[in-house]
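The values are calculated or read from the model by the stated rules, or taken from the named source; none is laboratory data. What you see is a predicted model, and the numbers here were worked out from it, not measured in a lab. So basically every Cβ, Gly included, is an ideal-geometry build from the backbone, and we count neighbours across all protein chains shown. With ligands, DNA and RNA removed, areas are computed over all heavy atoms of the protein, side chains included. Shrake-Rupley method; radii C 1.70, N 1.55, O 1.52, S 1.80 Å.
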Amino acid sequence: RGIVLHDTECSLEIALATFSRPGGTSAHLVLGEDGTWYRCVQDADVSYHVAAWGSDPALNRNRPDWLPPYNGRYSAVNASTIGIEIVGFAARGFTGAQYEALGPALVELCDAYQLPRTLQVDEGTAARIVSHGWLQTDRSDPGPLFDWARIRAALVPPLPADPTHPTEEELMHLTAQQ
């Protein structure tokens, strides 16, 4: 299983109308410019967000190592990924609120599905978080302005507490007792 990042190249209203249609182009989640999440398709259901690795081999660009073979019904990518559409335009980039919401959501999805928190820009075909443009020849989203470094930083698990060094909260508590 994996996660595919897209951008909408349209407004939130158009995105929600488009990606919520049963049987049509769809996405599991849409991320608004203000950081609000919208559910269009349940994770357990197939959303139709990538044409690559389906019936048209001309669309295939990069094949993730974990991708199952095409089953004749829909793209193997669609059958095994969560599709996330980020509202906005690749040429303009994305908002701080979107990055602040996207990082924790990716962590939550990776943890829920026991996926390594790996990005295509770091791990190539072994990555579990990839872009539409990386998979498909006729797409480039989420585009060159997408801040992969910001997402990478959000995916790093917090360091465990060092028992030999008190936390800020513990220091404040100790100071208040004296």
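Of everything in segment 58-72, what is among the small types (G, A, S) and not in a helix (DSSP H, G or I)? Give them in sequence order. Talk me through it step by step, then tell me what you get.
Step one: filter segment 58-72 for residues among the small types (G, A, S), giving 58, 72.
Once the filter is applied, which keeps residues that are among the small types (G, A, S) and not in a helix (DSSP H, G or I), segment 58-72 yields only G72.
Has segment 54-73 got any residue that is closer than 22 Å to L16 by Cβ and of a type in the set (A, V, I, L, M)? Lay out the reasoning, then the answer.
Our first condition is that a residue be closer than 22 Å to L16 by Cβ; within segment 54-73, this holds for none.
There is no residue in segment 54-73 that is closer than 22 Å to L16 by Cβ and of a type in the set (A, V, I, L, M).
Take I86 and tell me if it is more than 17 Å from the chain's Cα centre (by Cα) and at negative phi. Break it down stepwise before answering.
Working: more than 17 Å from the chain's Cα centre (by Cα): no; at negative phi: yes.
The answer is no for I86.
Does any residue in segment 61-90 that is open to solvent by less than 50 Å² (accessible area, probe 1.4 Å) and modelled with pLDDT under 95 come within less than 9 Å, Cβ to Cβ, of a residue that is of a type in the set (F, W, Y) and in a strand (DSSP E or B) six or more places away or on a different chain, and which pairs are these?
Y74/Y48; S75/Y48; N78/Y48
Let's see how each residue does on (1) among the basic types (K, R); (2) assigned to a loop (DSSP other than H, G, I, E, B); (3) modelled with pLDDT of 95 or more:
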{"residue": "A51", "(1), (2), (3)": "no, yes, no"}
{"residue": "V107", "(1), (2), (3)": "no, no, yes"}
{"residue": "W134", "(1), (2), (3)": "no, no, yes"}
{"residue": "F146", "(1), (2), (3)": "no, yes, yes"}
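Could you give me the residue pairs with C-beta distances under 7 Å whose first residue belongs to segment 22-39 and is in contact (Cβ under 8 Å) with a residue 24 or more places away in the chain, whose second residue is open to solvent by 70 Å² or more (accessible area, probe 1.4 Å) wherever it lies, and which are 6+ apart or on separate chains?
Cβ pairs passing all conditions: G24/Y48; T25/Y48; S26/Y48; L29/W37; L29/R39; L31/W37; G35/E100.
Go through segment 59-86 and report how many residues are of a type in the set (S, T, Y) and touching a Leu at 6+ places or on another chain (Cβ under 8 Å).
Kept after step one, since they are of a type in the set (S, T, Y), are these residues of segment 59-86: 70, 74-75, 80-81.
This time we only want the ones that are touching a Leu at 6+ places or on another chain (Cβ under 8 Å), so: 80.
Selection size over segment 59-86: 1.
Restricting segment 1-21 to residues that are free of Cβ contacts under 8 Å to residues at least 60 places away in the same chain and β-branched (V, I, T), which is least open to solvent (accessible area, probe 1.4 Å)?
For segment 1-21, the residue satisfying everything is T18.
Working carefully through the options A79, A153, A97, find the one that is farther than 24 Å from L16 by Cα and assigned to a helix (DSSP H, G or I).
Details: A79 fails: farther than 24 Å from L16 by Cα; A97 fails: farther than 24 Å from L16 by Cα.
Only one candidate passes the filter, namely A153.
Whether any residue in segment 34-57 is open to solvent by 70 Å² or more (accessible area, probe 1.4 Å), under 19 Å from A97 (Cα atoms) and touching a helix residue (DSSP H, G or I) at 6+ places or on another chain (Cβ under 8 Å) is what I want to check.
Yes: one or more hits.
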